[in-house]
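The values are calculated or read from the model by the stated rules, or taken from the named source; none is laboratory data. On a predicted model such as this, the values are computed, not experimentally measured, just so you know. As a convention, Cβ positions derive from the backbone with ideal geometry for all residues, glycine included, and neighbour counts pool all protein chains shown.
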Amino acid sequence: MKALLRNRELVLALILVIGIAAIGAYQPAFLAWGNIRDMLTETSVLFMMALAQMVVILTRGIDLSVAANLALSGMMAALVSQYYPDVPLILMIATGIVTGLLLGMLNGALIAYLGIPPIVMTLGTLAIFRGMIIIIARGDQVNASEMGVAFQAFPKQVWLGLTSPVWIAIAVALLFWIFLGFTRAGRGLYAVGGNPVAARYCGIDQRRQDLLAYSISGAVSGLCGYLWVARYGVAYSEIASGYELTVIAACVIGGVSIGGGIGTVAGTLLGALFLGIVMTALPVMQISPFWQMAISGAVILAAVVINARAERRPDKLILPEARRLRRVTP
């Protein structure tokens, strides 16, 4: 029984099941398939952004610019749709992804090769990216009437009962699971976060791993930028303002260690789903917005305390090669 309780993902899944059942008993409409599908659609961007943030946190970094990256990438995609409506949809989506990738590479390169602390670097680029949106759009915004029909229709399409953003989130989660669990580069992210010295002795270049992590974070943020703008039909400088804190909270609730080296795809997705359910259920239960903020904050604080207690164990997640090197290295 104790072994089961130590499984963070299992405990979180049980809490989710109990919570959903309790909310459903109080408000049966919450369990209607239409409501569940809408909740998954609303949470799909959070799913992907949390996975991208997890990759950065694994390396002992942090990316506070993800929401600003999302906003700038979404604006770029919207501008392409506005001025070149006949461009194929795939190129509009690619515009968002490439923009996000370049912004992420900028963060990663300066952090990795100039040694700028991640929190300082990404806090600065957060403001820069928001300012760039105002400059590029000339202080204006792009509304739904100015966007192409196909541009806005794709995120609203439904296949097998689920919208396209949910299917995209599932595909991204599978890619992250394969990358982190079965590739050398993915395992290297755990190594540099779990024990940087041992990872260096194993021949893992931490600078390359940092660049890779922030590039992935940027590319996923760019994809989410398109999905956000196309779904809500508006692009302006303040979209997703403060969303980076929700993304980090999802990671923490899912068991990702701020100290680096610990985190799973399943746990991160469950953390994002937990926040999605909380944000959806509290209004349904007619709880005051002020209490909603207090309850959300209490949940995040509790998750931090639980993580801190769990991380007191002496060994963190380290590659087998790094563990052997640690034993023989003075």
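Before moving on, here are some points about what is shown:
- Note on region 146-183: among residues that are under 22 Å from Glu42 (Cα atoms) and polar (S, T, N, Q), the one that is surrounded by the fewest Cβ atoms within 10 Å (Cβ to Cβ) is Gln157.
- Evaluating Glu9 against the criteria (1) under 20 Å from Ile239 (Cβ atoms); (2) at pLDDT below 90 leaves one unmet condition, (1).
- Among (1) out of contact with any Asp or Glu (no Cβ under 6 Å at 6 or more places or on another chain); (2) among the small types (Gly, Ala, Ser); (3) closer than 24 Å to Arg231 by Cβ - the single one Ala67 does not satisfy: (1)
- Flag for Leu211 being surrounded by fewer than 24 Cβ atoms within 10 Å (Cβ to Cβ), out of contact with any strand residue (DSSP E or B) (no Cβ under 7 Å at 6 or more places or on another chain), at pLDDT 90 or above and more than 30 Å from Thr163 (Cα to Cα): yes
- Residue count for region 154-175, restricted to those that are part of a helix (DSSP H, G or I) and without any contact (Cβ under 8 Å) to a residue 24 or more places away in the chain: 6.
- So Ala68, is it among the aliphatic types (A, V, I, L, M) and under 27 Å from Gly267 (Cβ atoms): yes
- Residues in region 77-97 that are assigned to a helix (DSSP H, G or I), among the hydrophobic types (A, V, I, L, M, F, W, C) and surrounded by fewer than 24 Cβ atoms within 10 Å (Cβ to Cβ): Leu79, Val80, Leu89, Ile90, Leu91, Ile93, Ala94, Ile97.
- Taken as a whole, the condition of being surrounded by fewer than 24 Cβ atoms within 10 Å (Cβ to Cβ) and within 30 Å of Ser145 (Cβ to Cβ) does not apply to Ala198.
- The residues of region 176-188 that are part of a helix (DSSP H, G or I) and more than 17 Å from Tyr214 (Cβ to Cβ), listed by number, are Trp177, Ile178, Gly181, Phe182, Arg184, Arg187.
- Restricting the search to helices (runs of 4 or more DSSP H) fully inside region 259-330 and requiring at least 2 residues that are modelled with pLDDT under 70 and out of contact with any His (no Cβ under 7 Å at 6 or more places or on another chain) gives 289-310, 320-328.
- Checking each residue of region 81-89 against the condition of being over 15 Å from Trp228 (Cβ atoms), out of contact with any helix residue (DSSP H, G or I) (no Cβ under 8 Å at 6 or more places or on another chain) and at pLDDT 90 or above gives at least one match.
- Annotation note: of Leu103, Leu40, the sole residue that is in contact (Cβ under 8 Å) with a residue 12 or more places away in the chain, buried (at least 24 other Cβ atoms within 10 Å of the Cβ) and not small (Gly, Ala, Ser) is Leu103.
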